[in-house]
1. Taking each pair of different alpha-carbon atoms in segment 1-45 once, compute 1/r for the pair, average those values, and report the inverse of that mean as the Kirkwood hydrodynamic radius in Å to one decimal.
2. Largest first and in whole Å, give the semi-axes of segment 95-135's equivalent ellipsoid, each being the square root of 5 times a Cα gyration tensor eigenvalue.
3. Out of every Cα pair in segment 40-101, what percent are spaced more than 13 Å from each other?
4. What percentages make up the Cα-Cα pair-distance distribution of segment 1-141 when the bins are 10 Å wide from 0?
5. State in Å² the accessible area per residue of the chain; use a 1.4 Å probe, count heavy atoms of protein chains only, and round to the nearest integer.
6. Take every DSSP beta bridge whose two residues both sit in the chain, then give the antiparallel share in percent to the nearest 5.
7. On the accessible surface of segment 150-191, probed at 1.4 Å, how many percent belong to carbon and sulfur atoms?
8. With all pairs of different alpha carbon atoms counted, what Kirkwood hydrodynamic radius in Å does segment 76-154 show?
Amino acid sequence: MATRRALHFVFKVGNRFQTVHFFRDVLGMQVLRHEEFEEGCKAACNGPYDGKWSKTMVGFGPEDDHFVAELTYNYGIGDYKLGNDFMGLTLASSQAVSNARKLEWPLRKVAEGIFETEAPGGYKFYLQDRSPSQSAFQNPVLKVTLAVSDLQKSLNYWSNLLGMKIYEQDEEKQRALLGYADNQCKLELQGVQGAVDHAAAFGRIAFSCPQKELPDLEDLMKKESQSILTPLVSLDTPGKATVQVVILADPDGHEICFVGDEAFRELSKMDPKGSQLLDDAMAADKSDEWFATRNKPKASG
């Protein structure tokens, strides 16, 4: 499974302007590419919405070798109800901590050298006040933490079926750390009491694999009676590469995208105009003004 890569986590965002400020100015990520779509995605990349939406990829470096964030914005949707499914994204960046202090972005110390903060919409981030170069892992994004209701059942799924290596496991704390390679962002599974609630803000974690493995992966999930949300499908991006994806769900309903690696590397090339395209789109988006002048709230997701 060494050829599989952790790619990104999808966040639904209600206030695009504030969210971009957080990722770009507080965390210090750069806009890698920005794309606008007139109708909903065939693989529900933007959630269960049919209208106009945008996708902005932000990260600390190229998608070829960095785990990044996908910011999904549905025009006309102002907020999304949070569940308990996404428990946080952890990154190592003393610069992000410095930026947050300078911009007076709220930080809460949770351990020595570790601060909790929130992105607009309530998504939790954990900032380690150190440089990523102080460890063997060069990508500042260290791990994504997801809630699970049955750790053993989840480990069977992620490790035995999806082929992830278990790096750490703590039965007492009901926690495990998994990944496809030492130098990649890890997936942390944290046991919780009761059911995992995805609400409306539910995200999606994405991985790549050689395109030829996608049909076999889908067949394996069918054989094991696991959930397939979107069978193998081709997705078009105007002016860019067409990729093949299959969308799965783990035992707790966490959405998982597997995409063919070869075409995705072509699609995900950094666009030097990405930041300007995003700024132009935000300037052209008058939806906040439209709702404000009519004294109406935007819809909730």
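1. 13.2
2. 17, 12, 10
3. Details: 1415 of 1891 pairs.
Of the Cα pairs, 75 percent sit more than 13 Å apart.
4. All Cα pairs considered, the percentages come to 11, 40, 35, 13, 1.
5. Result: 46 Å² of accessible area for each residue.
6. Expressed as a percentage, antiparallel bridges in the chain total about 70.
7. Reported share for carbon and sulfur atoms: 40 percent.
8. Working: mean 1/r = 0.0713 Å⁻¹.
Its Kirkwood hydrodynamic radius stands at 14.0 Å.
The values are calculated or read from the model by the stated rules, or taken from the named source; none is laboratory data. In this text the structure is predicted, and so the values were computed from the model without any measurement. When we count neighbours, we look across all protein chains shown, and the Cβ atoms used for this are built from the backbone with ideal geometry, even at glycine. These accessible areas exclude ligands, DNA and RNA; they are computed on the full protein's heavy atoms, side chains included. Shrake-Rupley method; radii C 1.70, N 1.55, O 1.52, S 1.80 Å.
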